[in-house]
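Okay, structure first, notes after.
Each value in this text was obtained by applying a stated rule to the coordinates, not by laboratory testing. Worth saying up front: this structure is predicted, and the values here are computed from it rather than measured. Don't worry about glycine lacking a Cβ; one is built from the backbone with ideal geometry, like all the others, and counts go over all protein chains shown.
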Amino acid sequence: MSDNRNVWIFVEQEEGQIADVGLELLAKGRELADTLESQVWALVLGYQVAPLAERVIHHGADRVLLANHPELELYRTLPYSRVIIEQVQAHQPYIFLLGATPVGRDLAPRVASATNVGLTADCTDLQIGDYLLKKEKREYKDLLYQIRPAFGGNIIATIVNPKTRPQMATVREGVMQPNPPDLEFSGEVEIVEPSFEPSDFALHVLSREIRQPTVKLKDAPVIVAGGGGVSSEDESRLIEELAHILGGEVGASRAAVDAGFFSHEHQIGQTGATVRPRLYIAAGISGAIQHSTGMDESNKIISINTDPDAPISKIAHYKIVGDIAEVLPLLINALREKSR
Ligand SMILES: Cc1cc2nc3c(=O)[nH]c(=O)nc-3n(C[C@H](O)[C@H](O)[C@H](O)COP(=O)(O)OP(=O)(O)OC[C@H]3O[C@@H](n4cnc5c(N)ncnc54)[C@H](O)[C@@H]3O)c2cc1C
């Protein structure tokens, strides 16, 4: 096992645009590396991606491993994993983090398997801490606490890998906050020359279609979300109308998605999006932990619920006790009046 305590981040990009989760992980990686008094190394793979290196450094990377090659233009599992596995084996980082995106979820298990290490998927928090392995009567210092909901979200599990390196985790999109760029921050760029095998190119991409998301929850300043309390199409339309008037987006709990009132793209929570809007209106939502984990960092939360003791009231800044069928039209009319 190597002695370095470096934190590696896979900085995902698509057509030269760094994925938000890449910047989120760079911020978290910087925090972890500062605690460990070590470095952040970023892996950037793609074609014509050299200009990204500087941006990655400004977001906290001490060193960028840049693999810039035509065969890496479009993501394909085998060429990407070949490059990453070789680098991981050569440098043996202490920690390696990837976003829990479709690409990260594809790559991370391959790297973990090739390097014989464990992998925690879908973490919602990461910290550095010690761990006493009782049967060995030995305390392992400065491990990566890989924190994520478990058993249906009923407990928060902290997972550690005391013995293998790197300690690997994928991290949910949107749960970490990116840092603003620091133009004074300096780092080094190391060019990585990929050494592909012919078998890496078994897959040919003939065409690609990219569907742009129609629901943009992540950056919405206001979200009006409907829950199990929504019981008709008319009520779901009231949610949409209020969101529209407030210039916001429509969110939903799983109960409302399962009931067919909103599509899964609107779902917020453990198996949906994580959001932090300035205003979150929870209409007919109980506030189960699997939902609140995705919205409890909203700046202001208003709940509309017939039950004054619903769990959401513990995190709501304001609560309106009432039926959404009555409260939503009142709010809509009041806002329409105000804007006249
Ligand atoms: C592994 C796993 C993952 C999950 N992931 C998610 C997730 O990502 N997101 C998520 O949301 N859930 C998720 N869930 C489901 C979660 O446990 C809850 O079942 C769900 O959040 C409940 O949604 P709800 O509060 O809207 O509905 P309900 O539990 O049905 O609550 C409805 C609320 O509305 C109130 N109400 C009823 N009628 C009205 C009315 N007319 N006017 C006003 N208020 C009214 C009620 O008092 C109640 O508080 C997950 C569960 C599991 C096991």
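Multiply the residue gap between ASP307 and THR77 by 0.36 nm, knock off their C-alpha separation, and tell me the result in nm, one decimal place. Could the numbers behind the result be given before it?
Working: separation 230, 0.36 × 230 = 82.80 nm, distance 4.94 nm.
Difference between extended and current length: 77.9 nm.
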query: What list of ³J(HN,Hα) values in whole Hz, one per residue of the stretch 154-170 in order, does the Karplus curve 6.51 cos²θ - 1.76 cosθ + 1.60 (θ = phi - 60°) give from phi, with Gly and Pro shown as x?
result: 7, 10, 9, 9, 10, 10, 10, 10, x, 10, 10, 10, x, 7, 10, 8, 9
statement: Ranked on Cβ counts within 10 Å of their own Cβ, fewest leading, PHE151, PHE196, PHE96, PHE262 go PHE151, PHE196, PHE262, PHE96
message: In whole Hz and in residue order, list the ³J(HN,Hα) couplings for the stretch 16-28 that follow from phi through the Karplus curve 6.51 cos²θ - 1.76 cosθ + 1.60, θ = phi - 60°; x for Gly and Pro.
response: x, 9, 6, 5, 3, 5, x, 6, 4, 6, 4, 5, 5
- prompt: Residue by residue, what Karplus-based ³J(HN,Hα) values in Hz, rounded to whole numbers, does the stretch 131-147 have, using 6.51, -1.76 and 1.60 with θ = phi - 60° and x for Gly and Pro?
  reply: 9, 8, 8, 4, 5, 9, 6, 10, 9, 8, 8, 6, 7, 7, 7, 9, 10
- line: Non-local residues with an amide H under 5 Å from the amide H of GLU190, with H modelled 1.01 Å from N and Pro and chain starts lacking one, are VAL64, LEU65, LEU66
- request: Measure out, as a whole number of angstrom, how far apart the alpha-carbon centroids of the stretch 166-227 and the stretch 128-150 sit.
  value: 29
message: Compute the distance from the alpha-carbon center of the stretch 73-124 to that of the stretch 9-61, in whole Å.
response: 15
The chain: antiparallel DSSP beta bridges as a percent of all, rounded to 5: 25
field: Within straight-line cross-link reach of LYS314, aspartates and glutamates at Cα separation under 15 Å, skipping those fewer than 8 residues along the same chain
entry: ASP296, GLU297
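Sort 320-326, 221-227, 105-111, 28-34 by packing, meaning the average of other beta carbons within 10 Å per residue, with the highest value first. Walk me through the intermediate numbers first.
Working: 320-326: 15.4, 221-227: 26.0, 105-111: 18.6, 28-34: 22.0.
Highest mean packing first, the order is 221-227, 28-34, 105-111, 320-326.
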task: Mind checking the full-extension length gain between ILE315 and HIS244? Use 0.36 nm per residue of separation minus the Cα-Cα distance, one decimal, nm.
output: 23.1 nm
- prompt: Taking amide H positions as placed 1.01 Å from N in the peptide plane, with prolines and chain starts having none, which residues 5 or more places from SER286, or on another chain, fall under 5 Å of its amide H?
  reply: GLY228
